[in-house]
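Asker: Handing you a structure now.
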Amino acid sequence: MRELHPDTTTSAPGATLILTSHYMDDVAALCPRVIVIDKGVLSYDGALDELARRIRPEKRVVLQLDSPVDRATLEALGRVVSVDAASAVLQTPQESDLLGGHRGPGHAAGGRPDGGRARRWKR
């Protein structure tokens, strides 16, 4: 989709483009405003990040661990969904920044529209 219309959003100031898609990566890349119509009724009109917070007020964070971490330590950060010697999955509020802004190796800035991020955490 992005390759078909590389400058659609800037080619006609004031113009409206209607894009229907279930591919949220395309929506996030192309649309500053999102409208959701459910069974013919407008149910949302606004920014994608606010829609994500309304639908899923929590996010899941995957921690890649260099060594095992005590479950109680992880529980202090959020609800533990799963944990093993190499990784842990935590569920936290969307707004939380578990690691104080630390992004592990290979982390792409910005994350996904749904807030999911993978991080490496050293004790």
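Bear in mind these aren't lab numbers, they're just calculated from the coordinates by the rules spelled out. All values reported here derive from a predicted model rather than from experimental measurement. Neighbour counts are summed over all protein chains in view; Cβ atoms, including those assigned to glycine, are modelled from backbone coordinates with ideal geometry.
Asker: Between Asp38 and Arg54, with labels modelled 7 Å along Cα→Cβ, what's the label distance in nm to one decimal, could you check?
Answerer: Roughly 0.9 nm, to one decimal.
Asker: Between the DSSP loop rule and a limit of at most 13 other Cβ atoms within 10 Å, which trypsin sites (Lys or Arg not before Pro) in region 27-92 are left?
Answerer: Arg33, Lys39
Asker: Round to the nearest 0.05 the FRET efficiency obtained for Leu19 and Ala86 when R0 = 35 Å and r is the Cβ-Cβ distance.
Answerer: Plugging the Cβ-Cβ distance into 1/(1 + (r/R0)^6) gives 0.30.
Asker: Starting from the Cα-Cα distance between Asp97 and Ala72, subtract it from 0.36 nm times their residue separation and give me the gain in nm to one decimal.
Answerer: Extending this stretch completely gives an extra 7.2 nm.
Asker: Name the residues whose placed amide hydrogens come within less than 5 Å of the amide hydrogen of Tyr44, ignoring near sequence neighbours (fewer than 5 apart) on the same chain.
Answerer: Under 5 Å from the amide H of Tyr44 lie the amide H atoms of Val36, each far enough along the sequence or on another chain.
Asker: Loop-only GluC sites (Glu not before Pro) in region 48-96, please: DSSP not H, G, I, E or B, and at most 13 other Cβ atoms within 10 Å.
Answerer: Glu95
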